[in-house]
Amino acid sequence: MAGKKPKAPQTGAAATVSSASAPAESSQKENQAQKKTPWFRFTVMILFGIVYAWNLFSAFTNFFGVLDKLSSINQVRSQNSFTLVDTPWFPLIVNLALPVIVFVLALWISRRRSVGILAVMLLTGLGVVAAVNLSLIAYVQAVVPPF
């Protein structure tokens, strides 16, 4: 210890350069870690993409199922001189567009973040899609009469 001199604190431009290089080094390490495992990132995106596609398929089946049900209901109602039931277009179209919009938005928000953040964002978006999907299904069932 006697032979070593304590380091004097840096001032001025030297302190600015050394403090600016620390975040740059950490961001370089993050970029290298992301470049080493792009397959894991793509695997997470594909797995969540399959679940979002399942929600989209469910939205399509709900869309065509409601249209078919309303067609048969309106046919019976027109034969019996009742007023026709309007198609709830807005909830049906929102139900179709929501999984795609939320998936793309979650990918865009987490594009430069770690795989863990990507998974959390996609999982959060999936919860939002599921909640809105169930709410829209309940709304359409309340609007459409049973027969």
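In terms of overall dimensions, the stretch 107-147 has a Cα radius of gyration and Dmax of 15.9, 51 angstrom.
Is the shape of the stretch 38-143 best called rounded, prolate or oblate, per the rule: a/c under 1.5 gives rounded, else a/b larger than b/c gives prolate, else oblate, with a ≥ b ≥ c the square roots of the Cα gyration tensor eigenvalues?
prolate
Comparing V66, V85, F42 along the charge dipole axis of the stretch 38-143, the residue lying farthest to the positive side is F42, per the Cβ-charge model.
The numbers here are math on the coordinates, done by the rules we state, and not lab data. What you are looking at is a predicted structure, and each value in this text was computed from that prediction instead of being measured. Every residue, glycine as well, gets a Cβ built from its backbone with ideal geometry; the counts of neighbours run over all protein chains shown.
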